[in-house]
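All remarks here apply to the structure that follows.
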Amino acid sequence: MRRLLFGIFLLAAHPLSAQYYYNFQQEYFFGNLPNARAEAMGRAATAVGGNVSSQYFNPAAIGLTKDHQVDLSTSGPFYALTFSDFYYAGYARRIRPNLVAAVSVNQLAVGPTTFKVDINSVDYELDKPTSTNLALSAAMEPIKGLHVGVNANLFRWDLFDDVPVANAFMLDAGVLYRKELGGRKSIQLGTSATNLTKGDITFASPVGDEATSEFPMIFRAGGAFFTGTEITIPGAGTGPLDLVFAIDFQDVLNNPFRTGFQVGTEAKVFNVFSLRLGYVNQSLDDGGFANNKDKLTDFTYGFDSTFRSMNSQNHVPFDLNLDYTSMKPAPVTYSGRRLDNFRTFSLQINWPLEN
């Protein structure tokens, strides 16, 4: 096991000679992501976990999900793509006490666009391109507190109506470690590598010309501290206050941009309402335009409301979570104005395994 973990992150840290073209699929990989909780906490999610969509940041983090979980979300708009939407649907199930498996699909539907794609130095107009990823994920706990996970991704890019869909395969890997500190305190440490296998995709034009582009190889490392206490609210009584503080580092190994750090915090009151805040700092390519910045530095926010259903035996058959977050886009201008905020809405349902 130690050799396996060492090998995963030796690969992640190894210098790469190939380069990821900075804006290829950047909306998909670096736009508003499918986890509303993570977005509200500044995307500091590598060591947090607990959601099916945590596999997007660290596949090992799904090891912290409950027995059954369904996760649905939608995000948009993206940059100047005012008709674009990002859709996510995932399901996770605890197969054994130390093994969780998940299946998910997410899609960036760009909508009507006047963009063009360069294939062998010829520009072809795009109509309504879509980027879709199907993922099978698994996380196991070989040692108490240590979770190891992997995603097997099938990425599909539909560019033109009369051209076959382009396909690519990628593997992601991650590790998450949880340490109880006593009382209601604990820490979690996580690290992950997206596109560990250095995947690329070959796509064709309407006349048969082909081009190949690499996907980004994203390394993430982070930590999270969890603590809790009891508070009294007049008129509501006494209940728990749970706090999370998280920090992340991100680096794109085959490109000099999108390196940065994120921090986030969450306060959950009485297990029914959460308030989240975050801060993002990432390097950007300004594209050579004076009105564009070379840093994304913004604050994020969001909230969560939990509905808990009770059956006649006073057991809890399911929890329903509604999440919302708002996040500023990259600091670029479009037609002389700053673009509107990204928004993400999520619905999550948890329920226990049958006895």
- Is there a residue being out of contact with any Cys (no Cβ under 6 Å at 6 or more places or on another chain) and modelled with pLDDT under 90 anywhere in the stretch 243-250? no
- Query: Right, Thr229: under 29 Å from Leu134 (Cβ atoms), hydroxyl-bearing (Ser, Thr, Tyr), open to solvent by 10 Å² or more (accessible area, probe 1.4 Å) and in contact with a Lys or Arg (Cβ under 8 Å, 6 or more places away or on another chain) or not?
  - Reply: no
- When residues of the stretch 5-47 are limited to those that are modelled with pLDDT of 70 or more, in a helix (DSSP H, G or I) and farther than 26 Å from Asp118 by Cβ, the one most open to solvent (accessible area, probe 1.4 Å): Arg37
- For the stretch 175-196, what are the residues that are out of contact with any helix residue (DSSP H, G or I) (no Cβ under 9 Å at 6 or more places or on another chain) and among the β-branched types (Val, Ile, Thr)? Ile187
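Go over the candidates Asp158, Asp118, Asp172, Asp162 one by one and state the one that is open to solvent by 50 Å² or more (accessible area, probe 1.4 Å), touching a residue at least 12 places away in the same chain (Cβ under 8 Å) and under 24 Å from the mean Cα position of the chain (by Cα). Talk me through it step by step, then tell me what you get.
Details: Asp118 fails: under 24 Å from the mean Cα position of the chain (by Cα); Asp172 fails: open to solvent by 50 Å² or more (accessible area, probe 1.4 Å); Asp162 fails: under 24 Å from the mean Cα position of the chain (by Cα).
Sole residue among the options that is open to solvent by 50 Å² or more (accessible area, probe 1.4 Å), touching a residue at least 12 places away in the same chain (Cβ under 8 Å) and under 24 Å from the mean Cα position of the chain (by Cα): Asp158.
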- Message: Cβ-Cβ distance below 6 Å, separation of 6 or more or different chains: which pairs start in the stretch 71-98 with a residue that is under 29 Å from Met140 (Cα atoms) and end on one that is part of a loop (DSSP other than H, G, I, E, B) and modelled with pLDDT of 80 or more?
- Response: Asp71/Asn51; Ala92/Thr65; Arg94/Asp67
- Message: Report every pair of residues separated by at least 6 positions or lying on different chains whose Cβ atoms are under 6 Å apart, first residue within the stretch 176-195 and under 21 Å from Gln262 (Cα atoms) and open to solvent by 90 Å² or more (accessible area, probe 1.4 Å), second part of a strand (DSSP E or B) and of a type in the set (Phe, Trp, Tyr).
- Response: Leu189/Tyr177
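The values are calculated or read from the model by the stated rules, or taken from the named source; none is laboratory data. What you see is a predicted model; the values in this text were computed from it and never measured. Ideal geometry is used to build each Cβ from the backbone, glycine not excepted, and the neighbour counts take in all protein chains shown. Protein only, heavy atoms only, side chains kept; ligands, DNA and RNA dropped before computing areas. Shrake-Rupley method; radii C 1.70, N 1.55, O 1.52, S 1.80 Å.
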